[in-house]
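Notes follow the structure.
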Amino acid sequence: MNYYQQWLQEEKDWIGAYQKKIIRMSILQVVPGVLIGLAALFGLLSVVGGDDFFTGAFGGLMLGVFVCAVYLLFMVPALSPKRYVKKVKKAVKQLQMEEAEKQTLAREMLKASKDSACCISYEINGHGSKQTPARFRITPHYAFLEGSYPYAILVRLSDISQVVAEEETKTHTQHGAQIKTFEVFALHTILFYKTPRMSPSESAEYGMGFFDAGIRDKCYELILKQMEENKPL
């Protein structure tokens with residue numbers, strides 16, 4: 001059995017469920033809202049200008065159809081499960097794995113996905129994200145975070161000598177119709193070092209970021225526990 005392909009299919013199904021949710025919400029909520037809103041707006045503007053309401057409403061409806069078509073045209077490919085699976089493959093490729101290790105990785109990930117003690121699923125809210133699904137998995141040999149930025153972060157625990165939990169100050173820019181607003185927030189991180197860092201200024205080999213300190217702390221504890229178990233007797 002090719003566990004690696006089975007794992008990639010599981011990843012595809014997981015993000016595919018989110019894609020279906022967003023498309024369904026768009027069709028049932030966003031699209032009707034845009035069509036009704038533009039039809040009503042243009043209808044009222046038409047009345048103010050001395051013309052017929054329905055003539056303006058029809059023009060607004062046609063504009064809404066165009067806007068929604070463009071929106072769906074860009075949104076659906078952007079949420080394509082294949083696109084996200086490629087990002088998972090890229091994370092695996094960065095570790096330069098042989099085929100045997102890929103199979104080991106896949107077996108461990110499939111097992112962890114079914115074990116609540118090894119898999120933390122959550123939603124990313126705020127700071128530019130709206131209920132984006134994410135999950136962290138710990139296995140005997142790997143730590144894997146997906147759903148944040150970058151989308152897939154895979155760490156081989158045997159490569160790591162030190163793990164540090166820290167906080168960083170970040171700024172999120174929200175673009176409005178006429179003004180920009182800036183939001184300053186704390187990003188709670190887990191930093192991985194291949195050798196023990198000698199000074200705070202040394203950069204980490206890998207990093208995982210979380211908006212929620214509680215979720216970060218749970219993931220951090222799981223990593224420390226697994227690395228302690230992996231130490232030779």
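The values are calculated or read from the model by the stated rules, or taken from the named source; none is laboratory data. Only a predicted model underlies this, so the values are computations on that prediction, with no experimental measurement involved. Every residue, glycine among them, receives a Cβ derived from its backbone with ideal geometry; neighbour counts consider all protein chains shown. Accessible surface is based on the protein model in full, side chains and every heavy atom, while ligands, DNA and RNA are left aside. Shrake-Rupley method; radii C 1.70, N 1.55, O 1.52, S 1.80 Å.
Here are the numbers:
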| quantity | calculated |
| --- | --- |
| Distance between modelled label sites at LYS86 and MET62, nm, 7 Å Cα→Cβ extension | 3.7 |
| Per-residue HN-Hα couplings for the stretch 100-109 [Karplus 6.51, -1.76, 1.60; θ = phi - 60°; Hz; x = Gly/Pro] | 4, 5, 4, 5, 5, 4, 5, 4, 5, 5 |
| Per residue accessible area in Å² of the stretch 37-147, where ligands, DNA and RNA are left out and the probe is 1.4 Å | 58 |
| Candidate lysines - alpha carbon under 29 Å from LYS82, same-chain residues fewer than 8 apart omitted | LYS12, LYS20, LYS21, LYS90, LYS93, LYS102, LYS111, LYS114, LYS130 |
| Pair SER121, ALA100: separation of 7 Å Cα→Cβ label points (nm) | 3.4 |
| Amide N of the stretch 1-44 lying under 14 Å from the label point, which is placed 7 angstrom from the Cα of ARG135 along Cα→Cβ | 7-19 |
| From phi via Karplus (6.51, -1.76, 1.60), per-residue ³J(HN,Hα) for the stretch 49-65 in Hz, x at Gly/Pro | x, x, 9, 6, 4, 5, 5, x, 4, 5, x, x, 5, 5, 5, x, 4 |
| The chain - mean residue ellipticity at 222 nm from DSSP helices (-39,500 (n - 2.57) per run, n ≥ 4, rounded to 500) | -16500 deg cm²/dmol |
| Solvent exposure ordering (accessible area, 1.4 Å, most first) of LYS114, LYS87, LYS218 | LYS114, LYS218, LYS87 |
| Rg over Rh, two decimals, the stretch 6-78 (C-alpha only, Kirkwood Rh) | 1.26 |
| Peptide ranges 65-76, 32-43 listed from the most packed, as the mean C-beta count within 10 angstrom indicates | 32-43, 65-76 |
| Reported label for calculated Rg/Rh (Cα atoms, Kirkwood Rh) given [x] 0.94; [y] 1.05; [z] 1.11 | [z] |
| Shape call, the stretch 1-126: gyration tensor on alpha carbons, a/c limit 1.5 | prolate |
| Cβ-placed point charges (K, R +1; D, E -1), dipole of the chain about Cα centre in debye, nearest 20 | 560 |
| Cα-based shape type of the stretch 108-172, given that a ≥ b ≥ c are square roots of the gyration tensor eigenvalues and the cut on a/c is 1.5 | oblate |
| With every protein chain in place, the chain: carbon and sulfur % of accessible area (1.4 Å) | 59 |
